[in-house]
Amino acid sequence: MIIDFTFSVLVYNHSQYIIEHLESIKYQVEQYGKNKNVKLVISDDGSKDDSLIKINNWINQNKDLFIECIILGDGINRGVGFSFTSMWEHIGNEPFKLLAGDDVYSYENIFQEAEWLNDCDFVTGMPLLLIDGVLSKSNSLMFHMLATQHIYEKESFFSKLKNINVINTPSLIYRNCFIKDSDTFDFIRKFRVTEDFPMMAHLSSNYKDIKFKTVGKVYIYYRRTPGSIYLVDNEKYNIDKENVFKYLESLDESYLGKFILRNRLSCYKRGGLAGKLLNFSYYLYLVRVIFKSPVIMRELNDLKLNEGKHATHYALIKDRVMKFNEVWKS
């Protein structure tokens, strides 16, 4: 059986949000994937709440949407890196989208976003933030995403990563070949609470000319909560980021590049206002932003994000969650 697309879901204590996530996948499949063979792969990293109970009940009600449903996890919390990579062997050669179980798919066609991968390696849309149940637009976030696109569009992927950049990883979709490398697999598993930065860092050592595209559509509502990993497990998060910086430094062959990365790491560990003021990378980034500002501002002003339509879609998803809960509890 040929699989046309796989939805991959990272879950850890997402009971409060997981049905919103799954209902947004259901919307995608019903609206755009009726003639596609779609697989659902869920990796639970030892949730202590009733996430798995809800997931199993939802799948029992909606299994006809998918050609196959796979739930991974043995109740042990091994970390994001392990949970992330455990899904790789269940993804074939088909396009896929990996997302945390607390985020939500918008009404935009995610299958269509995947078609950009015929010409690009990484594709990202513009995010809307989902905070306390309310969608909001961050012009600053979108400005710096566009700045990252234009500043580094003719440079290597490594150059993008070692310098200041803004990449909204929940909105990313990327080529299947990047999850087929065993060395990248092993590298990511060294990290406890983050997977995207380590993955991109390792890929930058193997792929010099990764083509990155930013699309002016919102595919993902990116949820921020007090339970976000960088807040609740800040120490492990910082250790993971510091180790990625050290890895990037080991890849850089120039003295200037190593100096800049050491400075970035030192300032990251220092934190606060001093950490920003002493970070040479910020000044380099600022100069390049100023140089590229006309094209960045023009593209930002040309964005046509229908916030009202997105709010209506999210209200639809919440309504579907209420109906699911009514059926489940009855």
**Request:** Mind listing the long-range amide H neighbours of ALA100? Cut-off is under 5 Å, sequence gap 5 or more, other chains count too, H placed in the peptide plane at 1.01 Å from N.
**Result:** LEU10
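Among DSSP beta bridges lying fully in the chain, give the percent that are antiparallel, nearest 5. Could you put the intermediate results ahead of the total?
Values: 8 of 31 bridges.
Counting only bridges with both partners in the chain, antiparallel ones make up about 25 percent.
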**Complete:** With the charge dipole of the stretch 1-48 built from beta-carbon charges (+1 for Lys and Arg, -1 for Asp and Glu) about the Cα centre, the Cα from PHE7, ASN37, LEU22 projecting farthest to the positive end belongs to ASN37
**Request:** Could you let me know the centre-to-centre spacing of the stretch 24-45 and the stretch 59-111, using Cα atoms, in angstrom?
**Result:** 9
**Item:** Angle in degrees between helix 234-251 and the longest Cα principal axis of the chain, rounded to the nearest 10
**Value:** 50
**Item:** Helix-only mean residue ellipticity at 222 nm for the chain, each DSSP H run of n ≥ 4 adding -39500 (n - 2.57), per residue, nearest 500
**Value:** -15500 deg cm²/dmol
**Asked** Roughly how many debye, to the nearest 20, is the charge dipole of the stretch 1-125 about its Cα centre, given +1 on each Lys and Arg Cβ, -1 on each Asp and Glu Cβ, and no other charges?
**Response** 300
**Fill in**
Interchain or sequence-distant (5+) residues whose placed amide H lies within less than 5 Å of the amide H of ILE70 are LEU40, VAL41, ILE42
**Asked** Along the positive direction of the dipole of the stretch 157-246 (beta-carbon charges: Lys, Arg +1; Asp, Glu -1; about the Cα centre), which of PHE158, PHE191, ILE173 reaches farthest?
**Response** ILE173
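Give a quick list of GluC sites (Glu not before Pro) in the stretch 96-196 that DSSP marks as loop, anything other than H, G, I, E or B, with at most 14 other Cβ atoms within 10 Å.
Numbers: sites: GLU108, GLU113, GLU115, GLU153, GLU155, GLU195; in loops: GLU108, GLU153, GLU155, GLU195.
Those that pass, being in a loop and sparsely packed, are GLU153, GLU155.
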**Fill in**
About its Cα centre, the chain carries a charge dipole, from +1 on Lys and Arg Cβ atoms and -1 on Asp and Glu Cβ atoms, whose size in debye to the nearest 20 is 920
**Message:** Need the list of aspartates and glutamates near LYS323 for cross-linking: C-alpha distance under 15 angstrom, and skip anything on the same chain fewer than eight residues off.
**Reply:** GLU20, GLU23
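Return the percentage of antiparallel bridges among DSSP beta bridges fully within the stretch 17-175, rounded to the nearest 5 %.
On the way: 6 of 11 bridges.
About 55 percent, rounded to the nearest 5.
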**Asked** Which of ASN234, SER266, THR214 sits farthest toward the positive end of the charge dipole of the stretch 188-318, with +1 on the Cβ of Lys and Arg and -1 on the Cβ of Asp and Glu?
**Response** THR214
**Message:** Give me the percent relative contact order of the chain, please, defined on Cα pairs under 8 angstrom at least 6 residues apart.
**Reply:** 20
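Every number in this text was worked out from the coordinates using simple rules, so none of it is lab data. Please read all numbers here as calculations on a predicted model, not as lab measurements. Counting neighbours? That spans all protein chains shown, and the Cβs are built from the backbone with ideal geometry, glycine included.
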